[in-house]
Amino acid sequence: MYSKEETSKLKQDFWTTFGRYMKPILSADGEKVSWANYKTGIPGIFFKMDTDNRHARISILITQADPTLHAAFYELFEMQKQMLETTLGENDWAWEQNTTDDYGQPISRITKELKGISVLRNEDWPTLISFFKERMVALDEYWSMAKYGFEALV
């Protein structure tokens with residue numbers, strides 16, 4: 001069992017390692033990007049990676065406060081679902097239109113989860129890095145084509 005401080009340090013070490021590993025990889029548009037803090041450029045749309053002692057998760061989060069715009073964002077993702085799945089090379093992401101975050105705020109999310117893996121075990125780090133890298137690079141490729149439709153909504 002790890003203390004809160006040890007857990008925090010291990011997570012920080014993992015994300016530092018991930019950032020170093022991803023640093024030389026350019027975006028689909030040929031630009032440098034902070035993969036761990038990916039910026040979509042659209043307020044209320046985020047690509048988020050998270051891991052703990054039980055699983056890893058990568059998500060497209062819609063947190064837009066305006067309900068009409070929030071719904072329009074989700075609808076546009078649905079309309080582009082085939083393009084997203086083709087770019088990701090996967091069609092088993094979980095789609096949740098109306099849910100809440102840990103603070104009770106309304107969100108929508110599209111999520112892929114890897115269970116039975118722990119950021120607290122260094123031997124799991126290559127699997128975690130591979131899981132996140134493959135999907136973030138694919139999400140970036142998708143976003144380089146899809147973002148213009150979202151910009152038109154804002």
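Name the residue that is modelled with the lowest pLDDT, counting only residues in region 32-51 that are more than 16 Å from Arg20 (Cα to Cα) and out of contact with any helix residue (DSSP H, G or I) (no Cβ under 8 Å at 6 or more places or on another chain).
That would be Lys39.
Restricting to region 1-57, and then to whatever is touching a Gly at 6+ places or on another chain (Cβ under 8 Å) and without any contact (Cβ under 8 Å) to a residue 60 or more places away in the chain, can you tell me which residue is surrounded by the fewest Cβ atoms within 10 Å (Cβ to Cβ)?
Here is the first cut: in region 1-57, the residues touching a Gly at 6+ places or on another chain (Cβ under 8 Å) are 34-36, 54-55.
Of the ones still in play, those that are also without any contact (Cβ under 8 Å) to a residue 60 or more places away in the chain are 34, 36.
Details: Ser34: 10, Ala36: 15.
Ranking the candidates gives Ser34 first.
Exactly one condition in (1) in contact with a strand residue (DSSP E or B) (Cβ under 6 Å, 6 or more places away or on another chain); (2) closer than 21 Å to Phe131 by Cα is not met by Tyr74; state its number.
It is condition (2) that Tyr74 fails.
Taking the condition of being in a loop (DSSP other than H, G, I, E, B) and surrounded by fewer than 17 Cβ atoms within 10 Å (Cβ to Cβ), how many residues in region 97-119 meet it? I'd like the intermediate steps shown before the answer.
Within region 97-119, the subset in a loop (DSSP other than H, G, I, E, B) is 101-105, 116-119.
Then drop every residue that is not surrounded by fewer than 17 Cβ atoms within 10 Å (Cβ to Cβ), which leaves 101-105, 116.
Counting residues in region 97-119 that are in a loop (DSSP other than H, G, I, E, B) and surrounded by fewer than 17 Cβ atoms within 10 Å (Cβ to Cβ) gives 6.
Yes or no: Ala146 hydrophobic (A, V, I, L, M, F, W, C) and surrounded by fewer than 17 Cβ atoms within 10 Å (Cβ to Cβ)?
Working: hydrophobic (A, V, I, L, M, F, W, C): yes; surrounded by fewer than 17 Cβ atoms within 10 Å (Cβ to Cβ): no.
Criteria not met by Ala146.
If you take just the helices (runs of 4 or more DSSP H) that sit entirely in region 1-96, which of them hold at least 2 residues that are touching a Phe, Trp or Tyr at 6+ places or on another chain (Cβ under 8 Å) and farther than 23 Å from Glu141 by Cβ? Break it down into steps so the answer makes sense when it comes.
Details: elements: 4-22, 67-79, 81-88.
Ranges flagged: 4-22.
Take Ile129 and decide whether it is under 29 Å from Gln12 (Cβ atoms), within 15 Å of the chain's Cα centre (by Cα) and not in a helix (DSSP H, G or I). Even if it seems obvious, please write down each step before you answer.
Numbers: under 29 Å from Gln12 (Cβ atoms): yes; within 15 Å of the chain's Cα centre (by Cα): yes; not in a helix (DSSP H, G or I): no.
When the stated conditions are applied, Ile129 does not pass them.
The values are calculated or read from the model by the stated rules, or taken from the named source; none is laboratory data. The shown structure was predicted, so the numbers you read here are calculated from the model rather than taken from an experiment. Glycine gets a Cβ as well: all are built from the backbone with ideal geometry, and neighbour counts include every protein chain shown.
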